[in-house]
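**Q** Below is a structure I'd like to ask you about.
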């Protein structure tokens, strides 16, 4: 029997029944509202980890929390910078406190297994701090059995897959902002949201190995994309997404206890 996996679609009684006892993991996607070039919507960093979480949850009998849809300030060398219209960002302390408070609330509900799945590079250290502060606060309340897995979903890309997706060489994850990976996955998940005819054709951005503040926009490609997505395809997106779902599912089974879940190859995906 398939369960409802989206917390915001559940009644409180359904949620309570699923979370009582602490065996059901909760997956928290953390994204951003950030420009992704002239060809992708600004919510890529929320849509992609949200899809990963939903498909993983369908495999391991987990729940998916409503995503955090705003992230830390876009940085020039990984997101183009915070000066682009539409990019709507949080101060670091705000993201830390939101992450901390949400995790503490999950623990209050009885949840004891949480996965924070980040879709925006700039969020990583702030969500780590939120996890750390939540655990510290919960220990002071006598709750010591909460386990958190924190990840950036893209880090589950294998070298074999990267060679298939980038036969001419992988530029780096930072320069992949609005590039082949994100565009390919969006072509697979939401082709109606991709304006492929507007993909920039300029070469990858060339940044020095340091940052300059205040940001100097003339150093950043005016398109907002840090490399071209001209070789993106839906097939590449499916290949990468399937790998993320498979390897993240297995990682959570390993970290949260295999006895609690069905193996991915025995559980039908739900979306």
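**Q** For segment 3-32, which residues satisfy the criterion of being crowded, with 22+ Cβ neighbours inside 10 Å and assigned to a strand (DSSP E or B)?
**A** Selection gives 26, 27, 28, 29, 30.
**Q** Sticking with this structure for a sec: For residue 71, only one of the following conditions fails: (1) touching a helix residue (DSSP H, G or I) at 6+ places or on another chain (Cβ under 9 Å); (2) under 30 Å from residue 206 (Cβ atoms); (3) surrounded by fewer than 22 Cβ atoms within 10 Å (Cβ to Cβ); (4) in contact (Cβ under 8 Å) with a residue 24 or more places away in the chain. What is its number?
**A** It is condition (3) that residue 71 fails.
**Q** Say whether the condition of being surrounded by fewer than 23 Cβ atoms within 10 Å (Cβ to Cβ), in contact with a helix residue (DSSP H, G or I) (Cβ under 6 Å, 6 or more places away or on another chain), modelled with pLDDT of 95 or more and farther than 22 Å from residue 240 by Cα is met by at least one residue in segment 46-56.
**A** No - not one qualifying residue is present in segment 46-56.
**Q** Given (1) closer than 13 Å to residue 39 by Cβ; (2) assigned to a helix (DSSP H, G or I), identify the lone condition not met by residue 224.
**A** Single failed check for residue 224: (2).
**Q** Right, another one. Run residue 218 past the list (1) assigned to a helix (DSSP H, G or I); (2) touching a residue at least 24 places away in the same chain (Cβ under 8 Å) and report the number of the one that doesn't hold.
**A** Here residue 218 meets the rest and fails (2).
**Q** Step by step: first the residues of segment 74-96, then only those that are in contact with a helix residue (DSSP H, G or I) (Cβ under 7 Å, 6 or more places away or on another chain) and surrounded by fewer than 20 Cβ atoms within 10 Å (Cβ to Cβ), then the one that is nearest to residue 153 (Cα to Cα). Which residue is that?
**A** Among them, the one singled out is 78.
**Q** For segment 57-78, which residues satisfy the criterion of being part of a loop (DSSP other than H, G, I, E, B) and either more than 19 Å from residue 10 (Cβ to Cβ) or more than 12 Å from the chain's Cα centre (by Cα) (or both)?
**A** Taking segment 57-78 as the starting set, the residues that turn out to be part of a loop (DSSP other than H, G, I, E, B) are 61-62, 65-67, 69-70, 73-75.
Listed by number, the residues that qualify are 61, 62, 65, 66, 69, 70, 73, 74, 75.
**Q** Among the numbered criteria (1) outside any loop (DSSP other than H, G, I, E, B); (2) under 14 Å from residue 30 (Cβ atoms); (3) within 15 Å of the chain's Cα centre (by Cα), which one does residue 103 miss?
**A** Checking residue 103 against (1) outside any loop (DSSP other than H, G, I, E, B); (2) under 14 Å from residue 30 (Cβ atoms); (3) within 15 Å of the chain's Cα centre (by Cα), the one that fails is (3).
**Q** Oh, and also: If you go through segment 133-187 one residue at a time, how many are part of a helix (DSSP H, G or I), without any contact (Cβ under 8 Å) to a residue 60 or more places away in the chain and crowded, with 21+ Cβ neighbours inside 10 Å?
**A** Of the residues in segment 133-187, 6 are part of a helix (DSSP H, G or I), without any contact (Cβ under 8 Å) to a residue 60 or more places away in the chain and crowded, with 21+ Cβ neighbours inside 10 Å.
**Q** For segment 33-45, which positions are surrounded by fewer than 24 Cβ atoms within 10 Å (Cβ to Cβ), farther than 18 Å from residue 116 by Cα and touching a strand residue (DSSP E or B) at 6+ places or on another chain (Cβ under 8 Å)? Please lay out each step first, then the result.
**A** We begin by selecting, within segment 33-45, every residue surrounded by fewer than 24 Cβ atoms within 10 Å (Cβ to Cβ); these are 33, 38-39, 41-43.
With farther than 18 Å from residue 116 by Cα added as a condition, the list becomes 38-39, 41-42.
If the condition is that a residue be surrounded by fewer than 24 Cβ atoms within 10 Å (Cβ to Cβ), farther than 18 Å from residue 116 by Cα and touching a strand residue (DSSP E or B) at 6+ places or on another chain (Cβ under 8 Å), then 42 is the only one that fits.
The values are calculated or read from the model by the stated rules, or taken from the named source; none is laboratory data. Every value quoted in this text rests on a predicted model; they were computed, and no experiment measured them. So basically every Cβ, Gly included, is an ideal-geometry build from the backbone, and we count neighbours across all protein chains shown.
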